[in-house]
1. Can you run down the residue pairs with Cβ atoms below 8 Å, 6 or more apart or on separate chains, where the first is in region 79-98 and at negative phi and the partner is outside any helix (DSSP H, G or I) and open to solvent by 10 Å² or more (accessible area, probe 1.4 Å)?
2. Return the pairs, sorted by first residue and then second, in which the second residue is open to solvent by less than 40 Å² (accessible area, probe 1.4 Å) and of a type in the set (D, E, K, R), the first residue lies in region 212-241 and is within 20 Å of Ala24 (Cα to Cα) and in a helix (DSSP H, G or I), the beta carbons are less than 8 Å apart, and the residues are 6+ apart or on different chains.
3. Could you grab me the full set of residues in region 24-74 that are of a type outside the set (A, V, I, L, M), over 26 Å from Thr208 (Cα atoms) and assigned to a loop (DSSP other than H, G, I, E, B)?
4. Within the bounds of region 230-248, is there any residue that is over 27 Å from Asn4 (Cβ atoms) and either aromatic (Phe, Trp, Tyr) or at pLDDT below 95 (or both)?
5. If you check Ala181, Ala167, which single one turns out to be closer than 30 Å to Ile49 by Cα, assigned to a loop (DSSP other than H, G, I, E, B), touching a residue at least 24 places away in the same chain (Cβ under 8 Å) and of a type in the set (Gly, Ala, Ser)?
6. Quick one: in region 197-224, of everything that is surrounded by fewer than 22 Cβ atoms within 10 Å (Cβ to Cβ) and within 17 Å of the chain's Cα centre (by Cα), which residue is farthest from Thr111 (Cα to Cα)?
7. Residue under question is Gln77, and the condition is that it be in a helix (DSSP H, G or I), open to solvent by 50 Å² or more (accessible area, probe 1.4 Å) and modelled with pLDDT under 85; does it hold?
8. Out of the residues in region 51-69 that are modelled with pLDDT under 80 and of a type in the set (A, V, I, L, M, F, W, C), which is least open to solvent (accessible area, probe 1.4 Å)?
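The values are calculated or read from the model by the stated rules, or taken from the named source; none is laboratory data. These numbers were taken from a predicted model, which means no experiment stands behind them. Glycine gets a Cβ as well: all are built from the backbone with ideal geometry, and neighbour counts include every protein chain shown. The area values use the complete protein model at the heavy-atom level, side chains included, leaving out ligands, DNA and RNA. Shrake-Rupley method; radii C 1.70, N 1.55, O 1.52, S 1.80 Å.
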Amino acid sequence: MSNNNVLKGVFLVAFGATSYGMLATFVKMAYNEGYTTAEVTTSQFVLGIIGILLINLFQKTKNKNTALKASKQNIFQLMLAGTSLGMTSIFYYLAVKYIPVSIGIVLLMQTVWMGVLLEMILEKKLPSTQKVVSVIIVLFGTVLATNLIQNEIPLDWHGIMWGMLAAASFTTTMFTANRVATNISSAQRSLYMLLGGAIIVFSFSIATQVTPFNFDIFLKWGIILALFGTIIPPMLMNAGFPLTGIGLGSIVSALELPVSVTMAFVLLNEDVKPFQWLGIVLIIIAIVIMNVKFKRKLL
């Protein structure tokens with residue numbers, strides 16, 4: 001693969017990760033205006049599905065129906081995998097309702113060690129030393145990044161619980177998304193996963209929305225949330241990962257962490273202390289270690 005293609009892949013993944021990193025700050029800003037989690041998630045998924053549907057129609061017209069179509073089995077598998085995508089959005093948005101965005105994104109990044117644990121259980125083999133070292137660094141970085149040692153104001157346990165649940169469901173999403181119906185276009189895969197996630201989101205909205213639904217959310221925040229949460233990141237990252245490879249792509253996608261914390265610091269005036277930044281840097285280093293292939297020197 002040429003360097004130009006790799007560079008193009010890096011740009012696509014970086015922009016996708018950056019977009020997703022901005023998302024929680026916009027959600028928090030919507031909360032500050034009185035919108036509910038149900039309104040936020042519903043508007044994001046409805047407009048996201050419409051956007052991805054239009055992209056699919058455009059690609060279908062451009063390719064003149066030559067692209068491989070998803071089978072009924074593909075659709076079922078993708079929609080099933082997409083249910084974890086819907087749960088991730090709900091859990092993550094509930095988390096940042098109780099805790100700062102800078103803490104919420106750190107909890108979401110616990111997918112690093114959860115992914116290793118899930119892989120160990122499913123493949124029934126111990127992780128490599130490289131992965132074990134990465135997990136230890138992530139856990140230590142998390143202690144610093146969440147300010148657990150010097151935090152004078154205890155973190156709301158609701159936020160921690162929802163944050164860890166978001167990480168668990170996101171781990172499931174990442175694990176299944178890279179293994180289900182990879183032979184069809186990223187636009188089709190994104191559409192059916194969103195439809196599966198929408199079932200969870202709409203069910204949650206019906207069950208929890210006790211006040212009249214405020215449809216102003218669609219024009220005020222829905223378009224922004226759909227673009228940065230359900231349209232731009234999956235499309236760009238699905239297009240970029242094949243060009244960069246999983247290792248380099250995972251490293252570049254770690255940009256999501258500092259972007260999210262920086263957005264919260266700038267737009268929400270969240271207090272992020274120096275040792276919290278140190279913890280964030282350690283988590284990024286752990287992701288790099290996990291995905292870099294170290295060459296063994298022959299004696």
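1. Cβ pairs passing all conditions: Ala81/Val180; Tyr98/Asp156.
2. Filtered contacts from region 212-241: Ile217/Glu39.
3. Across region 24-74, the qualifying residues are Asn63, Lys64, Asn65, Thr66, Lys69, Ser71.
4. Yes, some residue in region 230-248 is over 27 Å from Asn4 (Cβ atoms) and either aromatic (Phe, Trp, Tyr) or at pLDDT below 95 (or both).
5. Answer to the selection: Ala181.
6. Here the answer is Ile224.
7. no
8. Ala67
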